[in-house]
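The values are calculated or read from the model by the stated rules, or taken from the named source; none is laboratory data. Given the structure is predicted, the values throughout are model-derived calculations rather than measurements. Here the Cβ positions follow ideal geometry from the backbone for every residue, glycine too, while neighbour counts run over all protein chains shown. Heads up: the accessible areas ignore ligands, DNA and RNA and are worked out on the full protein's heavy atoms, side chains in. Shrake-Rupley method; radii C 1.70, N 1.55, O 1.52, S 1.80 Å.
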Amino acid sequence: MPNNIKLKSLVVAMGLTLGSVPVYAAEDADGADDEAEVIIITGTRRTEKSVGESMVPIDVVTGAELENMGTADLNDMLRTTVPSYNVARTSISDAATIVRPATLRGLPPDNTLIMVNGKRRHRSGVIAESGGSLVEGSQGADISGIPALALERMEVLRDGAASQYGSDAVAGVMNFILKDDPEGMTFEARTGQYSEGDGDLMQVMGNIGLPLGDDGFLNITGTWMQSDPTSRSQKRDDVEVLRAAPWSLDIPEIAQVWGAPEYKDNFNVFFNSGIVLSDSQEIYAFGNYGERT
């Protein structure tokens, strides 16, 4: 009988920052952004450190790069942009088919620290039991619920950072920085299917920035997606023998299905907000709610 797995996620973070530091790209004399001088906040205790000055490998991937890719899953986007980041589509592995275990630098998923806006993101409720000995028994965070449209950029530290962040950062750190635009609106829709004629996908995404007073912002991103299952199974000889037997029960032609699951009612809502109180104080809040079957 079919197994329906329903996942929900609700995360809210609030805080008051004292002596906040800028984490945006530096500007040249003409006021234009200098992409070579992006100020990083991951893996450093210095506020003025840039990517070029970092002693460890840090990749900075902008949200625009992720939006221009032809996939709907953030895991697949990272697989093509971040070196040593590997994730595969695992079939017949219970909930690990949905919460796909990803590895960084050849280490288990729960050895990579996942952060959003510099705050630890909760781990998934799924403990991987399939997918190879490397991921079995691991419990990593589910980043597939983070929409690419909500990201300003992503910083990936591909080196051990346990001395600064703790034992869950042995493989490295992935820090997702949410958009903080106080104005503007973006709407995207995509559809597609595999060359085999299955896996029909439909996805709708939207982002809007709103001002909060004179020095505040509220940025909201919403996504909805559904996709049909895929099947790459082969007919088994033993099944054919059973189907030909006179006492055979109603055995389907494809008895063991290998492929991607069916996603229904897959939606996520992210928000990021902040209000500048003074030159050294800022109050902020961000969070998300997600659900999928």
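If you take the square roots of the eigenvalues of the alpha-carbon gyration tensor of the range 156-239 and sort them as a ≥ b ≥ c, do you get rounded (a/c under 1.5), prolate (a/b over b/c) or oblate? Write down the numbers at each step before the final one.
Numbers: a/c = 4.56, a/b = 1.35, b/c = 3.38.
Oblate.
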Worksheet, complete the sentence: With every protein chain in place, the accessible area of ILE283 for a 1.4 Å probe, in Å² rounded to the nearest 10, comes to 80 Å²
Discussion item. Not counting ligands, DNA or RNA, and with a 1.4 Å probe, what is VAL126's accessible surface area in Å² rounded to the nearest 10?
Written reply: 20 Å²
Worksheet item: Near ARG120, within a Cβ-to-Cβ distance under 15 Å, what is the net charge of the other residues, with Lys and Arg +1 and Asp and Glu -1?
Response: -1
Worksheet item: Could you sort LEU249, LEU149 by accessible area so the largest value comes first, with the probe set to 1.4 Å?
Response: LEU249, LEU149
Discussion item. Using square roots of five times the C-alpha gyration tensor eigenvalues, list the equivalent-ellipsoid semi-axes of the range 187-293 in whole Å, biggest first.
Written reply: 51, 14, 9
Discussion item. Compute the distance from the alpha-carbon center of the range 230-268 to that of the range 150-175, in whole Å.
Written reply: 41 Å
Discussion item. Students often check this: by mean Cβ neighbours within 10 Å, which of 255-266, 221-232 ranks highest, and how do the rest follow?
Written reply: 221-232, 255-266
